[in-house]
Amino acid sequence: LSYPFLKGNSSYTMVNTIISVDTTKNPWDQETPLHNRWHPDIPSVAAVEEGEIFRVECVDWTGGQIKNDDSSDDIKNVDLSQVHYLSGPIDIKGAEPGDLLKVEILNLGPLDGDEWGFTGTFAKENGGGFLTDHYPCATKVRFLKVRHYYLTLVHLCSRNCN
């Protein structure tokens, strides 16, 4: 079984998805609004009870700008003004500002049908990174067949120095 089920001692329990995303849509077109910074003026998009088990879906940090293909052009040309997308905020009923909250992550994994990930280096002309002097070109590595903490195939895609 896959999400949104949580395995208990001997059975599976349906978990309520409080924030869902559609990876075929842009972050600003999602049914539940996403944001890219924490600020007290951003309203809660969902509320849960203390102790409630729930599921939150998220888009990748670029909002889907990086594609599951062999080209590093998307890494080279990523719009860094449109990044760091976050799901939430989530209101915990009964919690007050200043309360210390304990959050337990029970499961972590990709969305069904979207079991891949990436890493890369940004091109020097697009801001680069802390290793830009050593790696000035855009590169992309795709992780294929990602499932619950495990990578079964890593594919070096391309290097873009143009």
Among strands (runs of 3 or more DSSP E) entirely inside the range 38-97, those with 3 or more residues being more than 30 Å from Val141 (Cα to Cα) are 46-48, 90-92
Could you check the range 108-136 and list, in sequence order, the residues that are surrounded by 15 or more Cβ atoms within 10 Å (Cβ to Cβ), within 18 Å of the chain's Cα centre (by Cα) and not in a strand (DSSP E or B)? Pro110, Leu111, Asp114, Glu115
Working only within the range 98-123, note down all residues that are in contact (Cβ under 8 Å) with a residue 40 or more places away in the chain and among the hydroxyl-bearing types (Ser, Thr, Tyr). Thr121
When you scan the range 90-101, do you find a residue that is within 20 Å of Asn26 (Cβ to Cβ) and either aliphatic (A, V, I, L, M) or open to solvent by 40 Å² or more (accessible area, probe 1.4 Å) (or both), even just one? no
What's the number of the only condition in (1) closer than 19 Å to Val15 by Cβ; (2) modelled with pLDDT of 90 or more; (3) not acidic (Asp, Glu) that Gly64 fails to meet? (1)
Regarding Glu31, is this residue without any contact (Cβ under 8 Å) to a residue 24 or more places away in the chain, in contact with a Ser or Thr (Cβ under 9 Å, 6 or more places away or on another chain) and under 17 Å from Ile18 (Cβ atoms)? yes
So Thr152 passes all but one of these: (1) surrounded by 12 or more Cβ atoms within 10 Å (Cβ to Cβ); (2) polar (S, T, N, Q); (3) at pLDDT below 90. Which condition number does it fail? (1)
Of (1) in contact with a Ser or Thr (Cβ under 9 Å, 6 or more places away or on another chain); (2) exposed (fewer than 12 other Cβ atoms within 10 Å of the Cβ); (3) in contact (Cβ under 8 Å) with a residue 24 or more places away in the chain, Ser72 fails just (2)
Scan Val15, Val21, Val48 and give me the residue that is within 13 Å of Ile90 (Cα to Cα) and either out of contact with any helix residue (DSSP H, G or I) (no Cβ under 7 Å at 6 or more places or on another chain) or open to solvent by 70 Å² or more (accessible area, probe 1.4 Å) (or both). Val48
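The values are calculated or read from the model by the stated rules, or taken from the named source; none is laboratory data. Just so it is clear, the model here is predicted, and its values are computed rather than measured. Note: ideal-geometry Cβ built from the backbone for every residue, glycine included; neighbour counts use all protein chains shown. The area values use the complete protein model at the heavy-atom level, side chains included, leaving out ligands, DNA and RNA. Shrake-Rupley method; radii C 1.70, N 1.55, O 1.52, S 1.80 Å.
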